[in-house]
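A.B. asks: First, the structure itself, so that you have it in front of you.
Please treat every number below as a calculation from the coordinates, not as lab data. Everything numeric here is computed off the predicted structure, so don't read it as measured data. So basically every Cβ, Gly included, is an ideal-geometry build from the backbone, and we count neighbours across all protein chains shown.
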Amino acid sequence: MTIPCEIFFRHVERRPEIEEAVIEHVEQLERFCPRILHCRVMIEVSSPRHAAGSIHHVRVDVSVPGRRIVVKRDPPAHQPHEDLDLAIHDAFHAARRQVEDHVRERRHEVKWHEAPPHGRVLRLFEDEGYGFLESPDGHEVYFHRDSVLDGKFERVRVGDEVRYAEEDGEKGPQASTVVPVGRHHHELPPAPSHP
């Protein structure tokens, strides 16, 4: 494995078989995207007050060029005694799907199964490198400069129309991919001058 990988344990005993399983999953991710820069995995076990057994939480944080992919797997409410191996598998399965999507986006092979939503740029914080879109139904969607395809963040302006792919971020909805289609992206080049 060539990816720098950190594995953290919280309230759970560090066991070699768990670390080996995580490393195997990271190596599988590397097969899909050899340009992964870093991977951090947090495994946490908590004990609920009114139930027997433990609740397993797994977070996979993958850095790839131009993007950070974060997957957090908590057990569903109806499955409070989820198996740790299953939680790890599910988290990496979700991370793999996002890594595959990222690779396709970078190769410009994004296949939309339905028309991607259109929104407009609501606010920009150019110095900080992020902004907010307004979705068709009026909710705000965060986006980072790295999510704007082809490095066109500097060309985006408030009011521009964009297509975007939305996902759940740590603090709410965020755009994983933003494609500008606003007014200045359709401008024609100036006509050549004739002597």
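A.B. asks: Can you give the FRET efficiency for H38 and E128, using 1/(1 + (r/R0)^6), R0 = 30 Å, r = Cβ-Cβ distance, to the nearest 0.05?
C.D. replies: Efficiency, rounded to the nearest 0.05: 0.85.
A.B. asks: Measure off 7 Å from each Cα along the Cα-to-Cβ vector at R15 and H118, then give the distance between these two points in nanometres to one decimal.
C.D. replies: 5.4
A.B. asks: Let me ask another. How much FRET efficiency would the formula 1/(1 + (r/R0)^6) give for E161 and V103, where r is the Cβ-Cβ distance and R0 is 25 Å, rounded to 0.05? All intermediate terms of the calculation are to be shown ahead of the outcome.
C.D. replies: Details: r = 27 Å, r/R0 = 1.06.
Efficiency at R0 = 25 Å is approximately 0.40.
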